[in-house]
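Undergrad: One structure follows; several queries about it will come next.
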C-alpha cells in the first residue's frame, strides 16, 4: 500500500459541495433543509475503487479502465469525479502489480489527489477486500485513517455525480442511525441497515437458462433491478463481512450488498440512480463515453471580444452562436489588455472564441495561449481556441489575409503539444447584410464543429466562412 | 395494414448471403457444411419490428427509433440491416397512428423495400400481436403471405447481423424438426422447441428489491442472462400464443419466449449473441450508435490517382494512409477518363480521396460528383470526397493556389445538399524528403479527421498539410 503523489493541483473546478450556487446542486435531495454541510453529517468517508479488471469484454488488449478517452485514461475521469467531492477523504485504487507503475504515472501526470494504491486481487471481491484492508488501520505501515463510511465505486463509471454519492452515504448512515434509535427505544428485532447501493431499471428482460441452454423461466422485469455503483457501507460492517466471507464468495460473488446481508445481517437500502451511472463495458460504451465527455466540456464557450460595442461583429457572432448552438452556454468578455480579464473564465470553460481580439501579429495570441497553458485546463482536456478574423472579403483579398496569418500555423503546432488546439476562422464582414449573415451562420457552424469534435488534426487551419 | 412503396433501389450493397466471399460470412456457423443456401433450408421467413415505443427513457421528446443518427432516423438503419438479408421476405413494422405518416416518408425517402406497416398497440406485446396479425392471412384485406418462421426484432437494435438472424431462425426450426423426429421415432414426451432468442451475459448483478426498497436478494450472475433480440418462432406457435394469452400478459409481459412456453408449451433455444446486439435506450447509446456507424462506414477508403506510377505522390499518400489508419482498408484506382473506373468502387465505399486527379478546373470534379450523386451511396450516408492537390509550396505560393481553387467552395455548397461532403487538401510536394514526409503524414491525419467525423460544417475548406 502506498500513497500517491499529491504535489500539484488536481482539479481546476472547486470542490462541488463547497461552491456557492454551484451548477451541480442536488435538486432531489433537501441538503439545505438538513441545515448542514454534508461533511458534518456523514463523518469520515473514504472510497475504494477496484481497477484490477482485464477488460476481456471490451475485445481489446488494454484493460478498459486504461483505455484512452480524448487521450486520457478512462480511470482518470473517474478519479476526477471522486476527488472533486471534498468530503471523501481518501480514495484507494486497487490495481494489479503489472499496472501499478502505469497507475502511478497517471496520478502524477493528471495531478490526482488523495489517492492511495493497493494491489488488486484475482477477483473483484478480493480487490475490494484489499482496498478495505488498506483503510483498516490494522495493517503494519498503514498511513490512512479508518473511515466511518466507505464508498465502493467502479473505475469504469466515470460520470458519477456528488448527488448520488451523497445519497448512498446518507442512506447507509441515516438508516443505520434511525434503525439503531428504534432499536434502543422499542427493542424491535429488526435487521439494521448500514449499507446502500444505486440501482437502475433493467434494460432487457432477464432469463434463467436451463443446463442444456434452453429457457427455463424469465424474470418479471418490474420486480427486479440492475445493481449499479456507487454503494456505501459502514466501514466496520463491510470489513467484517469480507473477513468472514467464504472463499467461494470471494471467488465467484459479485454483489457487496449481498455480503453485508449474508455475513453481517445488515439490510441494504436501494437508491434509484440516474442513467449516467452506466458502466463502460464494451467498445460502444467507450465511444459513448468519449461523445458524452466531449459534449460535457463543450457546454460552455467563452467569446472574447475587443469592444463593448453591442453592434460589433463580435457581439453579432455571439448572438448567432447562442441561437445556433442552443443548450450551450455562451459567455463573453472584453479582453482588457492589462488585467487579463480572461482569467476569470478559465475556471469553467474549455473553448475560447476570440473575435478580432488579435491583430495580424502573433504577440497577443501568444499572451492568450500562455495564460491558458499556465492554467490547469489543458492538463485534463484539450482546450479549443478559435481566432476569428473579420474583414470585408471584397476589400482585403482572402489570399492576402491568409498569407498575413500564416503564423497561426506555426503557433498552433507549438500549442498542440501543450493540448491547446488553435485554429482560425475568416469571417466576411461584408457591407451586404445578407452576406454578413450567411458568413456569421457559417462561422458558428465551423466553430461548433471545432468545439464539439476537438480534433487535433485540424489545428493551424484557416477556415473560411 | 398497408404496403410500403418499393419503387427505388434500397440498398447499394447486395443481399449479404447472396454475395460470393462477402466480408460478413458466418465463421461461427458451418453454412457451407450444411450444403445449401439458407433460403432453401428455412422456408418462408418474415419479420416483425415493434416500433411503437415513446422513448421516455431517452429523456427526449422524439421516440428513440426516430432520433437522427448522421441525419437519418435510427429505425432506417435497422430496416437496412434487415432488408439486406434477402431470405427475409416481408418486414412488418408496427408504429403508432401519429407516427404512421412519418414512417411512410422514411420508407419513401431511404428507399426501403419489403416493408409493410401495421398499427402499434399500447404495449410492446400488443404491437407485436398486431404485426403477427398482419402476416396471418386470416384478416380481411391482408396482402402478405403467412410465413413459416417469424423473426421478432427491435427497431432500436440497428447493428443486427445476418449471422445471428440465421442462427435464431435455424435454432427455432432445426430444433423443432429434430425434436419432432425424436418424437415420432421414440414417442418421447419431450416439449418441442420451436422458438429461439439471442442472449448476452449480464453486465450488472440483478437484485430483487423488497416492497420497502431494500435488498431482498441478489441473483447469481452466472446463472442468468439478458434476453436480447432477435428472436425467432414457428409462426403458428407464436401466433397461437398471442391469441391465447391473457390481457395481463399483453399489458405487462416483456418476454415473447415466455409466451411460447406458457401458452404453447414450446421450449426456446437460447443463442449466445454478440455485443453489437445492444439496444439503443439512453442518450449515451445514441452517441455510441453514431460513433459506431461512423466507424463502420469509414473502414474503407478509396484513393483515386491519375497515374499507375508507384513512385507518384498519390501512391506515397496511399502508403502513409495505410500505415497511419490501421484497421482501415485502403483500395486505389487509376481514374480512367473514358470508362469511369471509379464506378467499380461505389458499391462498397463512402470515402474517396482523389490525388492530383482533378486540375485547377472544376470540370473533372463535377463529373466525379455526378457519378457519386447518381449512385445510391449518399442516400444512406454522407459521402466524403477529398481533393488532394500536390505541389511544391516554394514554387507555387499557397495563396495563389488557394485563389485558383476557390471554385471548390461553391461546388461543395451544391454537393452538400446532395449529401456529398467535398473539401480540399493542399499537400506540400517538396523536394526536401523530410518536408514531404511531414506533409504526407499531416495530410493523412486531416483525411482521417474528415473521413471519421463527416462533419458537414467543414465542406468547401482548403486544408493545408
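The values are calculated or read from the model by the stated rules, or taken from the named source; none is laboratory data. All figures in this text were calculated on a predicted structure; none of them were measured in a lab. Every residue, glycine as well, gets a Cβ built from its backbone with ideal geometry; the counts of neighbours run over all protein chains shown.
Undergrad: Answer yes or no: is there a residue in region A:285-301 that is over 28 Å from residue A:386 (Cβ atoms) and crowded, with 16+ Cβ neighbours inside 10 Å.
TA: Yes, there is a match, as at least one residue in region A:285-301 is over 28 Å from residue A:386 (Cβ atoms) and crowded, with 16+ Cβ neighbours inside 10 Å.
Undergrad: While we're on this one: Give me a count of the residues in region B:295-318 that are closer than 20 Å to residue B:430 by Cβ and within 14 Å of chain A (Cβ to nearest Cβ).
TA: Just the residues of region B:295-318 that are closer than 20 Å to residue B:430 by Cβ, to begin with: B:305-307, B:309-318.
Filter once more, so that each one left must be within 14 Å of chain A (Cβ to nearest Cβ): none.
Matching residues across region B:295-318 total 0.
Undergrad: When you look at residue B:219, is it within 13 Å of chain A (Cβ to nearest Cβ) and either buried (at least 19 other Cβ atoms within 10 Å of the Cβ) or more than 30 Å from residue B:72 (Cβ to Cβ) (or both), yes or no?
TA: yes
Undergrad: Just to be sure before I move on: is residue A:401 over 16 Å from residue A:463 (Cβ atoms), touching a residue at least 24 places away in the same chain (Cβ under 8 Å) and within 14 Å of another protein chain (Cβ to nearest Cβ) in the structure I sent?
TA: Spelling it out, it is not the case that residue A:401 is over 16 Å from residue A:463 (Cβ atoms), touching a residue at least 24 places away in the same chain (Cβ under 8 Å) and within 14 Å of another protein chain (Cβ to nearest Cβ).
Undergrad: Checking residue B:394 against (1) more than 23 Å from residue B:310 (Cα to Cα); (2) more than 32 Å from the chain's Cα centre (by Cα); (3) surrounded by 15 or more Cβ atoms within 10 Å (Cβ to Cβ), only one condition comes out false. Which one?
TA: Here residue B:394 clears every test but (3).
Undergrad: Kindly evaluate residue B:369 against the criterion of being without any contact (Cβ under 8 Å) to a residue 60 or more places away in the chain, more than 22 Å from residue B:300 (Cα to Cα) and either under 32 Å from the mean Cα position of the chain (by Cα) or surrounded by fewer than 16 Cβ atoms within 10 Å (Cβ to Cβ) (or both).
TA: For residue B:369, the condition - without any contact (Cβ under 8 Å) to a residue 60 or more places away in the chain, more than 22 Å from residue B:300 (Cα to Cα) and either under 32 Å from the mean Cα position of the chain (by Cα) or surrounded by fewer than 16 Cβ atoms within 10 Å (Cβ to Cβ) (or both) - is not met.
Undergrad: Continuing with the same structure: Just checking, does region A:374-385 include any residue being within 18 Å of residue B:460 (Cβ to Cβ) and surrounded by fewer than 18 Cβ atoms within 10 Å (Cβ to Cβ)?
TA: Checked region A:374-385: no residue is within 18 Å of residue B:460 (Cβ to Cβ) and surrounded by fewer than 18 Cβ atoms within 10 Å (Cβ to Cβ).
Undergrad: State which residue pairs qualify: first residue closer than 14 Å to residue B:130 by Cα and inside region B:92-106, second residue part of a helix (DSSP H, G or I) in any location, beta carbons under 7 Å apart, and separation of 6 or more residues or different chains.
TA: So the pair list comes out as B:92/B:131; B:92/B:134; B:92/B:135; B:93/B:103; B:94/B:127; B:94/B:130; B:94/B:131; B:95/B:103.
Undergrad: Moving on to the next point. For residue A:271, which of the numbered conditions (1) outside any loop (DSSP other than H, G, I, E, B); (2) touching a residue at least 40 places away in the same chain (Cβ under 8 Å); (3) within 28 Å of residue A:128 (Cα to Cα); (4) within 15 Å of the chain's Cα centre (by Cα) fails to hold?
TA: Only one criterion is unmet by residue A:271, namely (4).
Undergrad: I would also like to ask the following. Could you pull out the residue among A:259, A:250 that is outside any strand (DSSP E or B), more than 9 Å from every other protein chain (Cβ to nearest Cβ), crowded, with 23+ Cβ neighbours inside 10 Å and in contact with a helix residue (DSSP H, G or I) (Cβ under 7 Å, 6 or more places away or on another chain)?
TA: The unique qualifying residue is A:259.
Undergrad: Follow-up. Restricting to region B:441-455, name every residue that is more than 8 Å from chain A (Cβ to nearest Cβ) and within 25 Å of the chain's Cα centre (by Cα).
TA: Within region B:441-455, B:447, B:450, B:451, B:452, B:454 meet the criteria.
Undergrad: A follow-up question, please. Select, from B:395, B:406, the only residue that is within 12 Å of chain A (Cβ to nearest Cβ) and at pLDDT below 95.
TA: Answer to the selection: B:406.
Undergrad: Quick one: how many residues across region B:262-283 are surrounded by 23 or more Cβ atoms within 10 Å (Cβ to Cβ) and closer than 30 Å to residue A:296 by Cα?
TA: 2
Undergrad: Which one of the conditions (1) in contact (Cβ under 8 Å) with a residue 12 or more places away in the chain; (2) surrounded by fewer than 20 Cβ atoms within 10 Å (Cβ to Cβ); (3) within 11 Å of chain A (Cβ to nearest Cβ) does residue B:425 fail to meet, given that it meets all the rest?
TA: All conditions are met except number (2).
Undergrad: Of everything in region B:138-154, what is in contact with a strand residue (DSSP E or B) (Cβ under 9 Å, 6 or more places away or on another chain) and more than 19 Å from residue B:274 (Cβ to Cβ)? Give them in sequence order.
TA: Result: B:143, B:144, B:145, B:146, B:147, B:148, B:149, B:150.
Undergrad: Quick check on this structure: which one of B:439, B:456, B:430 is surrounded by 23 or more Cβ atoms within 10 Å (Cβ to Cβ), over 25 Å from residue A:397 (Cα atoms) and in the same structural domain as residue B:321 (by TED's automatic domain parsing)? Write out each step before concluding.
TA: Numbers: B:456 fails: surrounded by 23 or more Cβ atoms within 10 Å (Cβ to Cβ); B:430 fails: surrounded by 23 or more Cβ atoms within 10 Å (Cβ to Cβ).
Unique residue meeting the criteria: B:439.
Undergrad: Restricting to region B:274-294, name every residue that is under 25 Å from residue B:257 (Cβ atoms), in a helix (DSSP H, G or I) and more than 7 Å from chain A (Cβ to nearest Cβ).
TA: From region B:274-294, those under 25 Å from residue B:257 (Cβ atoms) are B:274-282, B:285; that's our starting set.
Pick out the ones that are also in a helix (DSSP H, G or I) and you get B:275-277, B:285.
Of everything in region B:274-294, those that are under 25 Å from residue B:257 (Cβ atoms), in a helix (DSSP H, G or I) and more than 7 Å from chain A (Cβ to nearest Cβ) turn out to be B:276, B:277.
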